[in-house]
Each structure stands twice: as structure tokens, then as C-alpha cells.
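Some notes on the structure that comes next.
The values are calculated or read from the model by the stated rules, or taken from the named source; none is laboratory data. Here the structure is a predicted model, which means the values were calculated and not measured. Counting neighbours? That spans all protein chains shown, and the Cβs are built from the backbone with ideal geometry, glycine included. Note: accessible area is taken over every heavy atom of the protein model, side chains too, but ligands, DNA and RNA are not part of it. Shrake-Rupley method; radii C 1.70, N 1.55, O 1.52, S 1.80 Å.
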Amino acid sequence: MLRVDSCIFAGFSTSGCVRASALDALQHGFRPIVVPEACGDRDPDVQAANLFDLEQKYADLNDLTMVQDYFKSLSAS
């Protein structure tokens, strides 16, 4: 058993693929985590609005350093 409960998302575009994937993950019982520094969109205002909306309703936003530190801690154990 893999014991996976979360999905980490990065990509382009936040308003399309990243958002849709995070919602799909949530609907399938996973905890979506979006890394804002690893996402982008065509317009900075659209990017900001979608990140705000994702965090308010659907996903956790974790910064890149936090995600990297988490993966480093896994390899250390």
C-alpha cells in the first residue's frame, strides 16, 4: 500500500491545468498542495486571483522551500 494522501502541483497555467488538477485531486480524496513559485499564468493578476481562490476553497499553498525541506526530510529518514 502506498499510503498517499496528498498531491503536489506545479505548472502552467494556474487558471487551467493546475486548478483543474487540484480540484480533481480534492474530489478523489487527496489533499492538493500548490507551490506558487512553481506555477505561472499568462497574466500576473489572473495568477494571483487563482492562487487566492485555490487557497480559500480547494488547496493548501506551500512555498517551494517548505516542499523541498519536506522531501529532504523523507530521504534522511
Amide H proximity to residue 34 below 5 Å, modelled H, separation 5+ or other chain, gives 9, 60, 61, 62
Please compute one quarter of the surface area of the Cα convex hull for the stretch 1-40 and express it in square nanometres. 2.7
Inter-part distance where the stretch 1-39 and the stretch 42-77 are each reduced to a Cα centre, Å: 9
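Report, as a whole number in µm² per second, the diffusion coefficient that Stokes-Einstein gives for the chain at 20 °C and 1.002 mPa s using the Kirkwood radius over alpha carbon pairs.
Numbers: Rh = 12.8 Å.
Using the Kirkwood radius from Cα pairs, D works out to 167 µm²/s.
Can you sort 71, 9, 30 by solvent-accessible area, 1.4 Å probe, largest first?
Values: 71 110, 9 35, 30 65 Å².
From most accessible down to least: 71, 30, 9.
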Have a look at 76, 40, 22 and report the one farthest towards the positive end of the charge dipole of the chain, computed about the Cα centre with Cβ charges (Lys/Arg +1, Asp/Glu -1). 76
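Within the accessible area of the chain, what % is carbon and sulfur when the probe is 1.4 Å and the other protein chains stay in place? Show your work: numbers first, answer last.
On the way: 2930 of 5220 Å².
Answer for the chain is 56 percent, counting heavy atoms of protein chains only.
Based on DSSP loop calls and a cut-off of at most 15 other Cβ atoms within 10 Å, the longest stretch of the chain free of exposed trypsin sites (Lys or Arg not before Pro) is what?
On the way: sites that count: 3, 42.
The longest such stretch corresponds to 4-41.
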Search the structure for amide H atoms under 5 Å from the amide H of residue 39, placed 1.01 Å from N in the peptide plane, and list their residues when 5 or more places away or on another chain. 11
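Normalised by the residues of the chain, what does the relative contact order come to in percent, with Cα pairs under 8 Å and at least six apart?
On the way: 101 pairs, mean separation 23.6, N = 77.
Reported relative contact order: 31 percent.
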